[in-house]
1. If you scan segment 161-179, which residues turn out to be open to solvent by 10 Å² or more (accessible area, probe 1.4 Å), within 25 Å of residue 121 (Cβ to Cβ) and assigned to a helix (DSSP H, G or I)?
2. Which condition number in (1) modelled with pLDDT of 95 or more; (2) open to solvent by 10 Å² or more (accessible area, probe 1.4 Å); (3) not in a helix (DSSP H, G or I) is the one that residue 196 fails?
3. Within segment 199-217, restricting attention to residues that are within 20 Å of residue 57 (Cα to Cα) and at pLDDT below 95, which residue is least open to solvent (accessible area, probe 1.4 Å)?
4. Hey, could you check segment 15-33 for residues that are aromatic (Phe, Trp, Tyr) and either without any contact (Cβ under 8 Å) to a residue 60 or more places away in the chain or in a helix (DSSP H, G or I) (or both) and say which is farthest from residue 90 (Cα to Cα)?
5. If you go through segment 34-85, how many residues are open to solvent by 80 Å² or more (accessible area, probe 1.4 Å) and either aromatic (Phe, Trp, Tyr) or not in a helix (DSSP H, G or I) (or both)?
6. Residue 140 - would you say it is open to solvent by 10 Å² or more (accessible area, probe 1.4 Å) and modelled with pLDDT of 95 or more?
7. Which of the following residues is surrounded by 20 or more Cβ atoms within 10 Å (Cβ to Cβ) and modelled with pLDDT of 95 or more: 123, 111?
8. Name, by its number, the condition in (1) among the polar types (S, T, N, Q); (2) assigned to a helix (DSSP H, G or I); (3) free of Cβ contacts under 8 Å to residues at least 60 places away in the same chain; (4) over 19 Å from residue 129 (Cα atoms) that does not hold for residue 99.
Amino acid sequence: MNKSQIKALFFDLDHTLWDFEANSALAFKSLFEEYDIPLDLHQFLTVYIPNNNVYWKKYREGKIDKETLRFERLKTVFDILNYPATNTLIDDLADAYIQTLPEYNILFEGAIEILTALKQHYALHVITNGFQDVQYFKMKNSGLLPFFETITDSSSVGVKKPDPKIFRYALKVGQVASDEAVMIGDNLEADIEGALATGMHAIHFMPLEKKHPSHYIEIDKLQELKFLL
């Protein structure tokens with residue numbers, strides 16, 4: 001990757017800039033209190049986090065729709081924990097979770113600082129598989145919105161990462177060639193391999209994993225971007 005050639009940076013949102021797990025934990029803590037759910041939050045999250053990842057993969061691959069994702073990721077966890085949640089409770093909790101989640105604004109360490117520095121040299125954009133309304137409020141409430149020129153979400157384009165169409169759409173809207181752009185994200189399949197298949201450069205953000213020998217460019221702290229870009 002030739003730094004002098006790069007004109008634009010495309011960021012994933014959840015798990016890359018916006019700390020999804022930290023904010024999700026706070027949202028569930030609030031909702032468990034509101035709905036008087038007597039489950040241990042840590043125990044719930046231990047099951048929910050990997051289960052949520054499984055359902056998001058199914059959603060990304062087009063195997064389930066948005067409503068199935070919202071409902072089943074909760075129902076499965078309650079079933080595993082043997083908690084007698086009614087369908088009505090799950091529906092209400094699923095809707096309340098989506099509404100509550102953007103109220104929490106924890107970003108990964110150094111996010112604002114590195115975006116401030118990068119914006120002086122590059123056009124910044126977002127490509128996300130998240131739901132349009134939720135992602136907008138996450139960015140607005142956390143102070144991310146002013147940094148980005150465009151936000152491309154899967155619901156607007158009609159396809160999800162790693163489908164090349166969403167990357168091509170984002171590049172077109174951002175008015176930049178693929179070889180002049182870098183995708184930065186946490187998901188190897190959706191963000192990195194998807195971007196590379198479109199001719200973009202890519203940097204794999206791995207905040208919760210140890211770096212390992214790889215042919216991908218990998219970082220575990222956002223501040224490392226200043227040495228690469």
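The values are calculated or read from the model by the stated rules, or taken from the named source; none is laboratory data. A quick note: this is a predicted structure, and the numbers were derived from the prediction, not measured. Neighbour counts are summed over all protein chains in view; Cβ atoms, including those assigned to glycine, are modelled from backbone coordinates with ideal geometry. These area figures cover heavy atoms from the full protein model, side chains too; ligands, DNA and RNA do not enter into them. Shrake-Rupley method; radii C 1.70, N 1.55, O 1.52, S 1.80 Å.
1. Selection gives 168, 169, 171, 172, 173, 174, 178, 179.
2. Of the numbered conditions (1) modelled with pLDDT of 95 or more; (2) open to solvent by 10 Å² or more (accessible area, probe 1.4 Å); (3) not in a helix (DSSP H, G or I), the odd one out for residue 196 is (3).
3. 206
4. Going through the qualifying residues, I end up with 20.
5. 7
6. So residue 140 fits the description; yes.
7. 111
8. (4)
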